[in-house]
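Below: the structure, in structure tokens.
The values are calculated or read from the model by the stated rules, or taken from the named source; none is laboratory data. This is a predicted model, so every value here is computed, not measured. Quick reminder, even Gly has a Cβ in these numbers, built from the backbone with ideal geometry, and neighbours come from all protein chains shown.
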Amino acid sequence: MLALARAPFPRRLLAAGVACGLAALPRPADAAAAQGPATAPAPGKLKLALLQISVGSDKAANLEHAERKIREAAGCGAKLICLPECFNSPYGASFFPAYAEEIPETAAAATEAAHPSTCMLIRVARQLGVYLVGGSIPEVDRATGNVYNCNVVVSPDGEIVCKHRKVHLFDIDVPGKITFRESDTLTAGDQLSLFDTPWGRVGVGICYDIRFPQYAHLLRLSGAHLLLYPGAFNMTTGPLHWELLARARAVDNQAFVAVPSPARDPNAGYQAWGHSSVIDPWGKVVATTEHEEAIVYAEVDLAEVDTPRQSIPVFDQKRDDLYTLKWTNARGGS
Ligand SMILES: NC(=O)CC(=O)C(=O)O
């Protein structure tokens with residue numbers, strides 16, 4: 001993984017993984033140029049699995065359960081296996097600091113005592129020879145004391161190829177329905193995250209990040225074929241927004257989108273919507289489920305992004321020269 005926090009846009013995307021500083025986002029012309037040297041791998045076919053698992057208050061039990069489900073998915077031939085948001089901890093601002101652990105920059109630095117969740121992902125990815133997307137876990141940076149909602153991705157040889165800290169914190173207040181403030185205990189990340197696989201380039205966000213089309217647009221400009229958003233929507237926003245947003249990001253960016261959620265726990269303070277799904281680049285839901293525990297499998301050919309991209313070439317036709325907000329006085333005058 002390479003973090004380019006203040007560097008020019010990704011002219012040096014690694015085959016392994018990439019994180020680019022959002023503070024250094026490109027002007028449109030630079031963005032087009034940035035795609036050149038950062039050639040994405042040729043897209044191809046893969047079997048994807050989304051693990052819609054139950055998560056409780058016992059962190060060790062959550063890790064064991066996740067490992068069992070990863071093994072089940074790998075046994076069924078999945079090569080890219082994705083866990084949901086907060087797979088080792090209940091989802092709630094008060095839980096994040098208590099469950100947080102460090103996430104090392106490299107696998108070589110990982111120890112069972114300090115990094116139990118990352119160690120599990122490294123060990124199992126290596127044993128099974130699969131890519132593991134660790135949905136998210138609360139991460140503490142001991143140097144600053146900051147806590148992040150962080151997704152770590154491990155390659156089949158057990159290397160950490162991506163570490164995405166949720167960029168947009170989930171702070172909402174829908175009167176009488178739901179108030180949630182991740183920012184009470186979390187700090188926002190500031191990086192755009194991608195990693196490469198033998199089947200194509202994958203862009204990563206976490207849950208609320210999916211509501212921001214600008215972020216997904218930059219993943220697409222960076223060459224992503226598949227956008228992965230582990231998420232835990234809820235009973236207020238889930239019914240109307242979960243599938244709509246996943247399909248919207250797929251159509252906007254003519255990319256596959258996958259959204260793994262935890263299973264719903266009717267006794268939890270925060271009830272996840274579930275409905276883990278995979279969407280194709282036309283916006284069609286190709287695999288989904290309800291709210292109970294399930295593994296959602298999808299055999300996808302990431303090369304299928306080419307047809308909508310060629311047939312409806314919105315990325316060539318967009319008018320970046322016009323998309324600047326200018327104040328005008330509709331009634332005339334100065
Ligand atoms: N939990 C989230 O981050 C986002 C969510 O539930 C929503 O956007 O709705």
Checking the conditions here, which among Ala125, Ala114, Ala60, Ala78 is away from the ligand (no atom under 16 Å from the Cβ), assigned to a loop (DSSP other than H, G, I, E, B) and over 19 Å from Asp141 (Cα atoms)? Ala78
Top-ranked residue of the stretch 29-71 - restricted to ones that are at pLDDT below 50 and either out of contact with any helix residue (DSSP H, G or I) (no Cβ under 9 Å at 6 or more places or on another chain) or hydroxyl-bearing (Ser, Thr, Tyr) (or both), ranked as surrounded by the fewest Cβ atoms within 10 Å (Cβ to Cβ): Gly36
Got at least one residue in the stretch 208-228 being within 13 Å of the ligand (Cβ to nearest atom), in contact with a Pro (Cβ under 9 Å, 6 or more places away or on another chain) and at pLDDT 95 or above? no
Output the number of the condition that Thr289 fails; it satisfies all remaining conditions of (1) surrounded by fewer than 24 Cβ atoms within 10 Å (Cβ to Cβ); (2) of a type in the set (Val, Ile, Thr); (3) in contact with a helix residue (DSSP H, G or I) (Cβ under 8 Å, 6 or more places away or on another chain). (3)
Within the bounds of the stretch 209-230, is there any residue that is touching a residue at least 24 places away in the same chain (Cβ under 8 Å), surrounded by fewer than 19 Cβ atoms within 10 Å (Cβ to Cβ) and part of a strand (DSSP E or B)? no
Those residues that are farther than 25 Å from Trp242 by Cα, in contact (Cβ under 8 Å) with a residue 60 or more places away in the chain and surrounded by 20 or more Cβ atoms within 10 Å (Cβ to Cβ), I need them from the stretch 78-129; list them, please. Ile103
Within the stretch 149-166, is even one residue more than 13 Å from the ligand (Cβ to nearest atom) and either over 29 Å from Lys47 (Cβ atoms) or at pLDDT below 95 (or both)? no
Got a number for residues in the stretch 285-320 being among the charged types (D, E, K, R), assigned to a loop (DSSP other than H, G, I, E, B) and in contact (Cβ under 8 Å) with a residue 12 or more places away in the chain? 4
Just name the residue that is surrounded by the most Cβ atoms within 10 Å (Cβ to Cβ) out of those in the stretch 177-207 that are away from the ligand (no atom under 16 Å from the Cβ) and assigned to a loop (DSSP other than H, G, I, E, B). Trp199
Residues of the stretch 234-250 being surrounded by fewer than 18 Cβ atoms within 10 Å (Cβ to Cβ) and part of a helix (DSSP H, G or I), which ones? Pro239, Leu240, His241, Leu244
